[in-house]
């Protein structure tokens, strides 16, 4: 039914620019009117045509800049965080990695504290290396260690403090661009110091909720956000390891051959950890290449372990530990594993799915 | 717990601009990095601080411009629609009435056809006056008459044709800005003429679905969008009339004293008609003033009948039939009815609710 | 994988009845124990093996008995209702039409009142003929007229009064057997007279809720039961009529060729009117025969208009207006229409679906 | 509004037994009719009046009888399981522990196999002592060890085999009475031997699903039943231990003072493990007494560790390890812990909640 051959989208109907038409256009301007016919090809493209571009930030660039910031820039009330936002080159100099997502490297020096605040924006941290910082979420101190995913969902007070003599860096992911663009954000300052400097191995949320398939009777009400403050690397690693072992045994377990993957979920619902951000972890066997796919919505990956490459919009780019890359909406991509290859991923997929804009195209599959 | 007195948000932590810092900032630029501490006060405001502004478009301005467009601008493939988008003065000249919503007056001359296409963007039409056009949605011709709400949800082919010797104008509402901003849109051309020029009084969707509390056994699968193509004025009017009569009888029925209101819903779920757009109709008795409220997300009203005013961000503005106004996120507003006052409303509330960003503050109520 | 040829279910493993075994069985009895192996074939049959049997009650039998009851049996507090329960011949003399459902003909003489009470059991009335009674549900008087379905969901006070000089009879459907069997029922007496003897044409629930696709803003909270007190025949009839007209036009609308059908639903959710009882209305064109089907769960039909037959467990039975028949679980059935044939149906399908026991087998379809 | 003082429920309206009435009653019998007024007080009681009675089965009675059955009764195709059903003394000699639930002690001798079958009925096993048996569920061997809960949800093939030289006993819980009563059951024989005699420490389901908060990307479709085949005691114990430690630290974690409890859930939804059966584990500190409560629906407890008592319908009964007791609907109960007291619980609560019949009354709380 669709007329795919028509290529004059946004061009054909343009009327001749007569003086009368120019007068009409001036009247439009006076009355805050823009005609559809002059811009439809731009604002209603044939498929997503993101201004955001595929891009890779090398950890070998990011970490030294974060360290230098640690020397030159204090952390405290007002600026709130020593965070370096990754600015997509297509997005006009804003610190947006995609139109929806923010990704930053945050750096906290020895014994520093990032003060408490809360905001509507949903946030997480992922720890590519290091340890020694605790994030205090609504009074619950959560240890940050290598490979862990930590949540600070919208409107929870949170601060960070470094309990050691060594600095620590990690990545922050938030929905700041989405919140800013759609005018949904509230922000409140909390305590200038974190409210609890204890350094327990496990947070209270984990102790209550991190028992597989078990739900406390004191927590039968479903929650919008996951009550789990930290998803520990040991669990993630074991889950991925088991998937590959099951695959070795000929059992269905992986998402495609050689490709193990888990999604971090809210145990009260089985759904995404927060309403706007999906978090996943992927592991490829050495030599595996994933099928090429396109998806509506933006994804960000950080390499956690191993070496490999991403084919992103047709171009193959080498990846090392810590490297971060963004895949804008509908850009085709696949991953190639040189060694065993572990990657953390986050995306805006819950937005797309909840609003029914999601589409996926996988090469070789009928849609 | 919050420290409301701190006013230095985004200011305090700024380090001194030493040569080293300037060098660091240059390195940031080279590596596509933006620090959070220089911009947090802007991108994470204390409460929604929309660039969009409250604004009113007078029907007495819009209609003549639409008529003039009818003389000067053809309608057809390429431009697709003779639609005048209302451009919020705060939004940089884009035809966005809010960051999420598009609102336009569309005009179709005698016996003209707006060709068929489909797109991911969800759309509706509301008819403030006139009749004689049929919208053909996936082959089902839907009559457009005064007071009717018509749906063309995402990815349904649709075109319009005027079956009479008189022009007709109406408003279109879509989620174009949201779709464009978040790179979710697909677009496909359909037939250059509409696929069915029949002019039935009622569409097939209505005949199957518009029986209160009854669901066809051939339609037991829930649908993302309402299967009802047109919500007729006679039903809307009767529902509002009954609410006020019930209020007269001392029964709970209205949303507040003197204020009847209905939401247009998907009969398969009881929820909003489409995943991104909420549609409602409000009726105030003469002399009624609604309670002042703020809401996260943007709303657009069009006056359908009667006279009154809106108090918008503290300023009282008179309203006549056909006038359209936008309430950006978190701007306080209330309505005042001089006569019996009927208003159509649409908003992005489903986005806010599905992503859990919604908040409402009603003056005099505890939150 | 299944071993369909094994026919010794419940027989094979039986051990020899030695004195030791007899002693063991006596010990079982003493300790309130029953071994599985002696009874598995009975309590875990290969497919549903209902004790309930297919049965038809003729309206020409029921109505005179109801009239006779009207002469001999008063209606009032204690007995509560002059209702004749249809007792499935397979169910040991209990007034159960199926293990889950109760169906009765209720009779109210001129100017009689059936007093108010409430109970956990969900109930409805369907009016095969007559008029003049109002059911008062939580204070809201609901007119009962021919073809109407009325709801009195669990824990709503309700009474009936006959406002005329003529008697009226109708059928009641409830989940009494299910409630009794599973010990879930509460019961409370209300007013000895109904609380409101007004006789409005439409109940308040209808006036608020019976506008297709419209939801009052005062009723945005979803409800367990439908807020509609009466589903009027005029709507049911029109919905069925339109389905057949659409079929005539070659459009998908009916559930199978010549077979129009609607489900009565809760407008707040699109789901069944009450958590345990499904209500539907079916219309067959003259000459239509429905496909033979089996379903888990029990259904009851009452002929509303026309003549036809039901093929029930292989036996064809003629049906006249008012006749009521029950289809126990997994008994094959089909309907044959001699004239245009209208039937009201209710069933326990919501129980089966909510607990995931539902299965349907339609002759000629793969399962 | 309710008239609580009326005590003539089911008595008042009874008409005088005249010859005419007797003739009418005979006519009712002939036509399979039962009047409501003669039986309403029985079938619609003021509150649940279960025929099932509170009862305790002593493990010290059950285990010897199971052992004796092991000597005298073979296990194999036909009888299927060497299971001793606990027959509630109020339920007419049926092996029903409640109108909805079946509970049995099952016994498997050294190197015996209970053959594979599948049925609509949902089932679980709980292991109060012992080890050495594997349950094979749809081909996945699941180790059974002390304290573990194992699921075999409806329509999954399953068999058991004892891999050791020692017998093993455990309890089975099913919804057999509910399924039988409501005619929903299907049954199919499978392999006479289990399909896989491997004895892995962990089942494939556990390896894929038992990672807290992590969901395999190969398992994103929600499932009716939990995909976890075994909930291990080590997790249950740790979850309960942490709740009591958190309580010691002054944190909210327990369901009431001194009372830790978890629910076993389906990780794809956070809801109950199966649609008809809820499983929980409770731990009381020594000296704790729970608040007295009544609930709609039946519960069964088995003591796992420690000593204590249950106050059941006003009577205090001592409990030892392995003892099983049933609480019929609406019977008041509380638990008393002499030592630390661990109890496994299962109930029909999902039936009650999904059909909206649930009610709970806790002494001292407003309802």
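Inspect the range A:201-220 for any residue being within 14 Å of chain B (Cβ to nearest Cβ) and surrounded by 21 or more Cβ atoms within 10 Å (Cβ to Cβ) and give the result as yes or no. Looking for residues that are within 14 Å of chain B (Cβ to nearest Cβ) and surrounded by 21 or more Cβ atoms within 10 Å (Cβ to Cβ), one finds none in the range A:201-220, hence no. Taking the criterion of being surrounded by fewer than 23 Cβ atoms within 10 Å (Cβ to Cβ) and in contact with a strand residue (DSSP E or B) (Cβ under 6 Å, 6 or more places away or on another chain), the residues of the range B:129-140 that qualify are B:130, B:131, B:132. Criterion first (within 14 Å of another protein chain (Cβ to nearest Cβ) and not in a loop (DSSP other than H, G, I, E, B)) does residue C:154 satisfy it? So residue C:154 does not fit the description; no. Taken together, D:36, D:63, D:101 contain a single residue that is crowded, with 24+ Cβ neighbours inside 10 Å and out of contact with any helix residue (DSSP H, G or I) (no Cβ under 7 Å at 6 or more places or on another chain), which is D:36.
In the range D:226-244, which residues are assigned to a helix (DSSP H, G or I) and either surrounded by 21 or more Cβ atoms within 10 Å (Cβ to Cβ) or facing chain A (nearest Cβ under 7 Å) (or both)? Selection gives D:235, D:236, D:238, D:239, D:240, D:242, D:243.
Every condition in (1) touching a residue at least 24 places away in the same chain (Cβ under 8 Å); (2) outside any helix (DSSP H, G or I); (3) assigned by TED's automatic domain parsing to the domain that holds residue A:132 is met by residue A:269 except one, and the failing one is (3). Report whether or not residue B:297 is within 14 Å of another protein chain (Cβ to nearest Cβ), at positive phi and buried (at least 21 other Cβ atoms within 10 Å of the Cβ). Spelling it out, residue B:297 is indeed within 14 Å of another protein chain (Cβ to nearest Cβ), at positive phi and buried (at least 21 other Cβ atoms within 10 Å of the Cβ).
Check whether at least one residue in the range A:169-180 is more than 30 Å from residue B:51 (Cα to Cα) and either part of a loop (DSSP other than H, G, I, E, B) or touching a strand residue (DSSP E or B) at 6+ places or on another chain (Cβ under 7 Å) (or both), and report yes or no. Among the residues of the range A:169-180, at least one is more than 30 Å from residue B:51 (Cα to Cα) and either part of a loop (DSSP other than H, G, I, E, B) or touching a strand residue (DSSP E or B) at 6+ places or on another chain (Cβ under 7 Å) (or both), which makes the answer yes. Of the numbered criteria (1) farther than 30 Å from residue B:330 by Cβ; (2) touching a residue at least 24 places away in the same chain (Cβ under 8 Å); (3) part of a loop (DSSP other than H, G, I, E, B), the one residue A:212 fails is (2).
Could you run through the range A:272-296 and say how many residues are within 15 Å of the chain's Cα centre (by Cα), within 18 Å of residue A:327 (Cα to Cα) and outside any strand (DSSP E or B)? Residues flagged as within 15 Å of the chain's Cα centre (by Cα), within 18 Å of residue A:327 (Cα to Cα) and outside any strand (DSSP E or B) within the range A:272-296 amount to 3. The residue list C:83, C:27, C:49, C:104 contains one member that is modelled with pLDDT of 95 or more and more than 7 Å from every other protein chain (Cβ to nearest Cβ), which is C:49. Picking from residues in the range A:252-261 that are in contact with a strand residue (DSSP E or B) (Cβ under 9 Å, 6 or more places away or on another chain) and within 21 Å of residue D:201 (Cβ to Cβ), the one that is surrounded by the most Cβ atoms within 10 Å (Cβ to Cβ) is A:260.
Counting only strands (runs of 3 or more DSSP E) wholly contained in the range B:313-367, the ones carrying 1 or more residues that are touching a helix residue (DSSP H, G or I) at 6+ places or on another chain (Cβ under 9 Å), farther than 21 Å from residue A:351 by Cβ and in the same structural domain as residue B:276 (by TED's automatic domain parsing) occupy B:324-327, B:341-347. Here the range B:1-24 is the region considered, the condition is being at pLDDT 90 or above and buried (at least 16 other Cβ atoms within 10 Å of the Cβ), and the residue that is farthest from residue A:92 (Cα to Cα) is B:21. Being within 8 Å of chain D (Cβ to nearest Cβ) and over 23 Å from residue C:105 (Cβ atoms) is a description that does not apply to residue C:179.
The values are calculated or read from the model by the stated rules, or taken from the named source; none is laboratory data. Because the structure is predicted, anything quoted here is derived from the model rather than measured. Here the Cβ is made from the backbone with ideal geometry for all residues, glycine too, and neighbour counts use every protein chain on show.
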